[in-house]
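Below: the structure, in structure tokens.
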Amino acid sequence: MGNFIGKSVKRREDARFLRGAGRYTDDIKLPKMTQAAFVRSPYAHAKVLNIDISEAQKADGVVAIYTGQDGCGAYGVPCGWQVNFKNGDTMREPVHPLLAKDKIRHLGEAVAIVVAETLELARDAAELVEVDYEELPAVTDPKKAMEPSAPLVHEEWGDNAAFDWCIGNDRTEVEAALASAHHVTEMEYRNHRVAPNAMEPRSYIADYDINAGKWTLYTSTQNPHLIRLLLCAFVLGIPEHKVRVVSYDVGGGFGSKIYHYTEEALLTWISKEIGRPVKWTSDRSEAFLTDAHGRDHVVHSKMGFDKDGKIVAHLTDEYCAMGAYLSTFAPAVPTYLHGTLFQGVYTTPLIHLNVVAPFTHTVVVDAYRGAGRPEATYLLERIISKAAKEMKMDPADIRFKNFIPPFDGIDEPGYQTQVALQYDSGNYEGVLKRGLEMLGYEDFRKEQTKARKNGKLLGVGISTYIEGCGIAPSAVVGSLGARAGLFEVGHVRVQPTGKVQVFTGTHSHGQGHETVFAQFVADKLGIPMDDIEIEHGDTDQVAFGMGTYGSRSLAVGGSAIIKSVEKVLEKGAKIAAHKLEAAEKDLEYAEGKWTVKGTDKSISFGDVSLTAYVPHDYPEGLEPGLDFSSFYDPSNFTYPFGTHIAVVEVDKDTGKVDLQRFIACDDVGNVMNPMIVDGQIQGGVVQGVGQALLEEVVYDDSGQMITGSYMDYAMPRADDVPMIETDRTVTPCPHNPLGVKGAGEAGAIGSTPAVVNAVVDALSHLGVTDIQMPVTPQRVWKAMQN
Amino acid sequence: MQISLTINGKSHSNDIEPRMSLVHYLREVMDLTGTHVGCDTSGCGACTITLDGNAVKSCTLLAVQADGCEIMTIEGMANGEQMHPIQEAFKENHGLQCGFCTPGMVMTAVDILKSNPNPTEEEIRHGLEGNFCRCTGYHNIVKSIQQAAEQLNS
Amino acid sequence: MIPSKFDYIKASSISEAVKLLGKHGYDAKILSGGHSLIPAMKLRLNRPLVLIDISGISGMNTITEQGGEIIIGANCTHSQVLKSDLVKNKLNIVTQTVKCIGDIQVRNRGTIGGSLAHADPSSDYPATILACEAIIEVEGKNGSRTIDAIDFFQGIFTTSLAEDEIITAVRFPKVINGNYQKFFQSASRFAVVGVAVVKDGDSVKVGVTGVSDTPYRAIAVEDAYSGNSDAGSHAIDNIEVMSDHFADVEYRSHLAKVYVKKALEA
């Protein structure tokens, strides 16, 4: 541990946020800027018969109106991941148009955009656009979408499947093992659809500079370089070096701001057409209708056990909604980010998962905090707890019996799963032991028995999860269908005075990179944190990057920075050796200076930096300057894991669930800033609790959304949740320089099944074995009646 | 319509459309972009400011309704370099992550602590029921307000 | 989200407001706190051409005791009511009710008059107004009149206010023994079920909100009550129960009975 690594250093970004001086996209105002408003479809599936813009064109302040019949109608946004059918057929990839032309495929799809002098006038004029629709029957449920009679989202393929994919052992082998298993536990449920709801709605400003022939796109994105690449090379065909994408402060993402949205490309196109900047900021209603949603898997699963409770086989079939089109990473979510985690933390010898991914008349589904891993964890942790009840075993005991034994990934090899991945390091029983200790498990069980006698419904739920972060290496993900690399770029520029600018291709939208990255750079260079600035979010400043998602920033982006820091120190040592008239091997670097071992002769980092830029007395043949950029492509994913435990009381009269305690013991590898890691876990846990208890996007059969505002979409409020009790174990990642694994999604991955397990536990003596999420008071009460 | 009001201690007069919401006025006319719009229909609390000392959601107030009133936004909380104890407590306790809900949380905390200088955890949570945070899980926001209360009472 | 265009007039007296309302008819809307109206206007579900702001009219934002009654001016915000010692001591059921409305910010702006005139079938006040047998004072072009609580709520977002009438105050009798019990809708925090009970010896008055599209007096419960709380089983007798995503008819009916029982026992 250095001066900063491992310390709860307070965040440097907070000063601006707390003073109201953050720079979110909607805060930016450009000279001559216009405002855009959309005309969106009130139907989920319809033919567009006619669009009449004549009245709207006459309205005050209108600058331009575009529909799919205009030039922009020729463009569509691409998908970034190709998952083919298991029989080898190519994934079905529809055009995702910037504006719908003759067909509407989801509620809220844009049919026209009005650009006006002010937002008020744009809204007024948008109301005057007359669209004639012929409404058509819709399908919103992914399983129903595969029925032969289902309305087709895209007619050209004859059915709604985007792909049909499988992973794991041979299906017949798994089926045979289940047939001869001592006990089989079965589950059928829907891992329902949720809306990410970052508090900052999406916002974009496109600005075309006619003199320079350059575009600037200000966008609330998690990955500016990826947006630039997709926008230039795959959508508009404009030169990448003429486009600057800027993403300053972003008010939360949770996955929903990874993707390249149609509005980004459309505004970019329009700014050149009108020769003026154009802004669009989503309102919350539009956000519900157009931000990519998460989850939405219909699941049927069977897990077989031997008489001792050891898992012998696991077979699952899922229907996973894609929505009306394929969003940027959508195909990867229910496949390579989901099926590959079906080993869980258990030694299951035979696993098979089949995923059918249908198009539905809904907004697209893509990665949402955890992306595929929460869905895998929910299944594994619910089904093993259900099995424990059926086999009259304790839910902790059945887990201990099935855990993969501890391995550090250095002396003991990584664990090869049945579903392609090799885990890096793990100690799964360690986190469960600690979690149970934090709860006081045995005492709780006594309390529960007593409470039941008094008519109180108390329950405890355990979840022991594993997940995969920092998805890599590029060549492997490429072979799995990724159309991008998943490396990261870290650039360290030492200024002549020894002050350091670090440029990272990751993006912070709440994670605190400006603080954490400065912490480890300060320690590695032995200089004050104040001498280090972390720059991100501007493609003109940062050479390249892949952005922030999948809890990758520290494990991948941090490692890239470390590589550049090492190059700085390596070159610095050459300069120091020259100045100190010593051999490089006789130098040691500590506390910001090179010292000749065993002497008091030294030179500071600042002096070496100055020498690098004023190279008068300088090593022969060495280039001036101290400025290095590195690409880091990890050798493997990282695999955080942990135990989450929920304690609930269910109101017997109303079915309302009171979450009384939540315990999270996580292992995210080495920890750079415990305060920030705890914050990530707490926030993730509450999002996962939200899915378990409150949140649900509901479309009716015609494709109307009945939960499209905060009046109907329930998210956790401060008084819905208790303090989150956190602790951790530390099992370092063996394959990256900081030994870190990632903490951004763990909370949301482990927590959901813990809560539902607890609710089912509270009601188990009444014969309740499962409840569909979210476990609302109504659902719980109805389960109690049956 | 002509309105005159005091914002963060300074008087302002502007001619505005009646349909302009107060938050729109603050952000677009006054360039005070620290007050955020999260839902625009009083559901999320990101736009919370104080009006004559009381926390209100500025998305659900017309600017004309604030004529003659005294408004405090997040930009008016600090005393020069010196942050307000509530702001300090949020920083100290990691009470914010992406920062978007933060101004609304701070301004709501002003009202909570004004009417109840020694709130319990439950009272703080209840007081925050009109404000969504999607990042922190509220844990550290509650801690921040607890610490701010101690600070303000000392 | 931006409302369509409208004119804004700040009325300085109730007679001026009434006159303006008469002049503009259906094109006009009364603005008090605006916490029901403004969101609807922003979503363009409601498009008045004229807004008549009555919030500045003097004498409409006081809470006073007159004779045996507590009189709450129509412009009193929920916060003002919540903080009133008079209400707390002599009309505690109202204190309990306003505590359940919205959140701090909403309570700081929303008013009793606005809430009642809006007549959201899931809002809290109606149950209490009914159970207390409060009297609603209104003023219109034909002068002032009073409306009994039982006659006030006519249906979903519908009251017996005439087109030109404005609520000026609500008169409550003092209540010694009353309580309000609410089951919150988890998203909006409106009432899935809200039950107000006022007890006087062996008799009881029960107001229910959230259950039906019109808030109602649970007469069947009142008739069955004689100190025993089983009367709760009559909570929805002769009532058409609403259904939505959060509570279907079966569950909402059950909750109504549970909450009436709870309020009777409290």
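What follows draws every value from the coordinates through simple rules; no lab data is involved. Here the structure is a predicted model, which means the values were calculated and not measured. Every residue, glycine among them, receives a Cβ derived from its backbone with ideal geometry; neighbour counts consider all protein chains shown.
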Rough spin-label spacing in nm, given labels placed 7 Å along Cα→Cβ, for A:ALA543 and A:LYS242: 2.5
Sequence-distant residues sharing a close amide H with A:ARG193 (under 5 Å, placed H): A:ASP296, A:VAL697
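What FRET efficiency do you get for A:SER764 and A:SER8 if R0 is 35 Å and r is their Cβ-Cβ distance, rounded to the nearest 0.05?
So the FRET efficiency works out to roughly 0.30.
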Residue order, fewest to most beta carbons within 10 Å, for A:PHE400, C:PHE152, A:PHE628: A:PHE400, A:PHE628, C:PHE152
Antiparallel %, DSSP beta bridges [both residues in chain A], to 5: 80
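Counting only helical runs of four or more DSSP H residues, what would the 222 nm mean residue ellipticity of chain A come to if each run contributes -39,500 (n - 2.57) and the total is spread over all its residues?
-8000 deg cm²/dmol
Take the cross-link list A:LYS652/A:LYS741; A:LYS32/A:LYS499; A:LYS214/A:LYS741; A:LYS143/A:LYS307; A:LYS279/C:LYS42; A:LYS392/B:LYS143 and give me the ones stretching past 30 Å between alpha-carbons.
In this structure, A:LYS652/A:LYS741; A:LYS32/A:LYS499; A:LYS214/A:LYS741; A:LYS143/A:LYS307; A:LYS392/B:LYS143 lie more than 30 Å apart at Cα.
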Neighbour-limited loop hits for GluC sites (Glu not before Pro), segment A:407-467 (at most 14 other Cβ within 10 Å; DSSP other than H, G, I, E, B): none
Hits among aspartates and glutamates - C-alpha to C-alpha of A:LYS574 under 15 Å, sequence gap 8 or more where chains match: A:GLU566, A:GLU584, A:ASP586, A:GLU588, A:ASP607, A:ASP617, A:GLU620, A:GLU623, A:ASP627
Spin-label model distance (nm) - C:ASP223 vs C:ASP151, 7 Å beyond Cα toward Cβ: 2.3
Label-reachable residues, segment A:47-84, where backbone N falls under 14 Å from a point 7 Å from A:ALA233's Cα toward its Cβ: A:78-81
Ordering of B:112-123, A:195-206 by packing [mean C-beta count within 10 Å, highest first]: A:195-206, B:112-123
FRET E, pair C:ASN238, A:LYS453, Förster distance 35 Å, beta-carbon r, rounded to 0.05: 0.30
For segment A:281-289, Karplus couplings with θ = phi - 60° (6.51, -1.76, 1.60), whole Hz, Gly/Pro x: 10, 5, 8, 5, 5, 5, 4, 4, 8
Percent antiparallel among DSSP beta bridges (both partners in segment B:2-76, rounded to 5): 85
Residues listed by number, segment C:55-85, amide nitrogen under 12 Å from C:LYS141 label point at 7 Å toward C-beta: none
Contact order normalised by residue count of segment C:177-265, Cα under 8 Å, 6+ apart, percent: 28
Calculated FRET efficiency for the pair B:ASP31/B:GLN151, C-beta based, R₀ 41 Å, to 0.05: 0.85
Filter on C:LYS90/C:LYS261; A:LYS7/A:LYS524; A:LYS29/B:LYS10; A:LYS310/A:LYS389 - keep pairs with C-alpha separation over 19 Å: C:LYS90/C:LYS261; A:LYS29/B:LYS10
Segment A:326-355 versus segment A:238-311: alpha-carbon centroid distance in Å: 21
Pairwise centroid distance, computed over Cα atoms, of segment A:644-666 with segment A:28-105, Å: 44
Estimated vicinal HN-Hα couplings, Hz - segment A:582-595 in sequence order (Karplus 6.51, -1.76, 1.60; Gly, Pro = x): 9, 7, 4, 5, 8, 9, 10, 10, 7, 6, x, 8, 8, 10
Full-stretch length increase - A:LYS307, A:LYS32 - with 0.36 nm per residue and alpha-carbon distance subtracted: 91.6 nm
Distance (nanometres) between label positions extended 7 Å along Cα→Cβ at A:THR118 and A:ALA212: 3.0
19 Å Cα-Cα reach of C:LYS141 towards lysines, excluding residues that sit fewer than 8 places from it in its own chain: C:LYS10, C:LYS19, C:LYS23, C:LYS29
Whether chain A is rounded, prolate or oblate, judged on the alpha carbon gyration tensor where a/c under 1.5 counts as rounded: oblate
Net lengthening on full extension, B:GLN82/B:SER11 (0.36 nm per residue, minus Cα-Cα): 23.3 nm
Paramagnetic reach from A:ASP408 in segment A:334-372 [backbone N under 15 Å; point 7 Å along Cα→Cβ]: none
Kyte-Doolittle mean at least 0.5, axial Cα span of 24 Å or more - DSSP H helices of chain A: A:674-693, A:746-763
Exercise: per-residue mean of other protein chain Cβ atoms within 10 Å, B:42-55: 5
In Hz, Karplus ³J(HN,Hα) per residue of segment C:102-111 (6.51, -1.76, 1.60; θ = phi - 60°; x = Gly, Pro): x, 9, 3, 5, 5, 5, 6, 10, x, 10
Average beta carbon contacts from partner chains per residue of A:197-208, 10 Å cutoff: 4
Per-residue mean of C-beta atoms belonging to partner chains within 10 Å, peptide A:649-661: 2
Residue pairs, from the table C:LYS205/C:LYS262; A:LYS257/A:LYS302; A:LYS456/C:LYS99; A:LYS58/A:LYS242; B:LYS57/B:LYS114; C:LYS199/C:LYS262, whose Cα atoms sit over 25 Å apart: A:LYS257/A:LYS302; A:LYS456/C:LYS99; A:LYS58/A:LYS242
